[in-house]
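Written below as structure tokens is the structure these notes are about.
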Amino acid sequence: MIKAILVFNNHGKPRLMRFYQHFAEDMQQQIVRETFHLVSKRDENVCNFLEGGSLIGGSDYKLIYRHYATLYFVFCVDSSESELGILDLIQVFVETLDKCFENVCELDLIFHMDKVHYILHEVVMGGMVLETNMNEVVSQIEAQNRLEKSESGLSAAPARAVSAVKNINLPEIPRNINIGDINIKVPNLSQFV
């Protein structure tokens, strides 16, 4: 089972933290720091697997990571997970991000955090792998984008209604409305239009 997914830059600044096991916030920060120190000091030519740090389970857990440009993608998993399977999962996650953001970079993770979390939830939820087919994940993201666009049309409806009312050509604006015994004086609305 996946216990945590961490993405941080070359300076150790976390860009994505997703824990599937409860840790207090200060403990999460310590885990990120310890994980960064464990992973960043390793040479690029060595294996991408190492034992988990002392804070996140020690030898019972493994840190599996990939370093892409300025970002480290680290998955903390228990001993039941396949190292090569998780490496492949990291590759699928990064390629999906790359496809959705067209050459993903650190700023995409910062400014589009909601979309990044949505992509992550399509791949992993509750520490369990849901989908490894990148095309299926991308099609779900595109469906979500279409839904958001259609809903944004609904949120713009009040503004369109106001502009439609402004554009109505009435030959004369009624000043008095008489309905039976009720007489209504209409105020001058030209100052608001």
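The table that follows gives values for the structure above.
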{"quantity": "Residues that are at pLDDT 90 or above and open to solvent by 70 Å² or more (accessible area, probe 1.4 Å), drawn from the range 96-106", "calculated": "Lys99"}
{"quantity": "Count of residues meeting criterion [modelled with pLDDT under 90 and of a type in the set (A, V, I, L, M, F, W, C)] in the range 40-86", "calculated": "7"}
{"quantity": "Conditions (1) in a helix (DSSP H, G or I); (2) over 30 Å from Asn145 (Cα atoms): number failed by Glu81", "calculated": "(1)"}
{"quantity": "Test: residue in the range 66-84 that is without any contact (Cβ under 8 Å) to a residue 40 or more places away in the chain and open to solvent by less than 40 Å² (accessible area, probe 1.4 Å)", "calculated": "no"}
{"quantity": "Whichever residue in the range 107-116 is in contact with a strand residue (DSSP E or B) (Cβ under 9 Å, 6 or more places away or on another chain) and open to solvent by less than 50 Å² (accessible area, probe 1.4 Å) and, among such residues, is nearest to Val138 (Cα to Cα)", "calculated": "Val116"}
{"quantity": "Index of the failed condition, Lys62 passing every other in (1) part of a strand (DSSP E or B); (2) within 30 Å of Ser139 (Cβ to Cβ)", "calculated": "(2)"}
{"quantity": "The range 114-132: number of residues that are in contact (Cβ under 8 Å) with a residue 40 or more places away in the chain and closer than 14 Å to Phe101 by Cβ", "calculated": "3"}
{"quantity": "Any hit, the range 20-33, residues being touching a Pro at 6+ places or on another chain (Cβ under 7 Å) and either buried (at least 16 other Cβ atoms within 10 Å of the Cβ) or closer than 30 Å to Ser139 by Cα (or both)", "calculated": "yes"}
{"quantity": "Scan of the range 9-34 for residues that are more than 15 Å from the chain's Cα centre (by Cα) and part of a strand (DSSP E or B), ordered by number", "calculated": "Asn9"}
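The values are calculated or read from the model by the stated rules, or taken from the named source; none is laboratory data. Small disclaimer: the values here were computed from a predicted structure and weren't measured. When we count neighbours, we look across all protein chains shown, and the Cβ atoms used for this are built from the backbone with ideal geometry, even at glycine. Surface accessibility is based on the protein's heavy atoms, side chains included, excluding ligands, DNA and RNA. Shrake-Rupley method; radii C 1.70, N 1.55, O 1.52, S 1.80 Å.
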